[in-house]
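Following: one structure in structure tokens, then a few remarks.
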Amino acid sequence: MSTTLIAIPSEQPGGLFASVGQHFGHCELFTLVEVKNGEVAGVTTLPNMPHEHGGCMAPVNYLAQNGVNALIAGGMGMRPLMGFSQVGIEVFLGEVGQPVSRAVEEFLAGSLRRFSPEFTCGGHDCGS
């Protein structure tokens, strides 16, 4: 049985109908979607931890400690992207503002692009 736990930075209150947040490190919470054998098996939320300047690795490690192995994000810097790679979390590019449910459907269909260095932003004024 194949299980994946996907984290999606989300706007309040989280869940499948929430919007995908703009930047993983600054979201208020993550919607966690458990996928078993290609189908959604559960949805919960996980509050984000405070994001302080230079502390980009803290949320990376936090998600890894909570069993996440995939992330759909609209924006992030190079440092956390490399951190996710180091902890074994695959990162995919999601469309900011779309419903979390749509991002998950795209993930399940295999249509999301892997988040690569050209999608990263510098500093804390990242647009997406």
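Things to note:
- Condition broken by residue 69, with the remaining ones in (1) open to solvent by 10 Å² or more (accessible area, probe 1.4 Å); (2) without any contact (Cβ under 8 Å) to a residue 40 or more places away in the chain satisfied: (2)
- Hits in segment 103-112 - residues which are in contact (Cβ under 8 Å) with a residue 12 or more places away in the chain and open to solvent by 10 Å² or more (accessible area, probe 1.4 Å): 106, 107, 108, 112
- For residue 76, the conditions (1) free of Cβ contacts under 8 Å to residues at least 40 places away in the same chain; (2) farther than 12 Å from residue 8 by Cβ are fulfilled apart from (1).
- In segment 3-51, the residue that is modelled with the highest pLDDT out of those that are closer than 19 Å to residue 109 by Cα, part of a loop (DSSP other than H, G, I, E, B) and open to solvent by less than 70 Å² (accessible area, probe 1.4 Å) is 16.
The values are calculated or read from the model by the stated rules, or taken from the named source; none is laboratory data. Note that the structure is predicted; figures quoted are calculated from it, not measured. Glycine also receives a Cβ, built like all others from the backbone with ideal geometry; neighbour counts cover every protein chain displayed. For the accessible areas, the whole protein counts, side chains as well, though only heavy atoms, and no ligand, DNA or RNA atoms are used. Shrake-Rupley method; radii C 1.70, N 1.55, O 1.52, S 1.80 Å.
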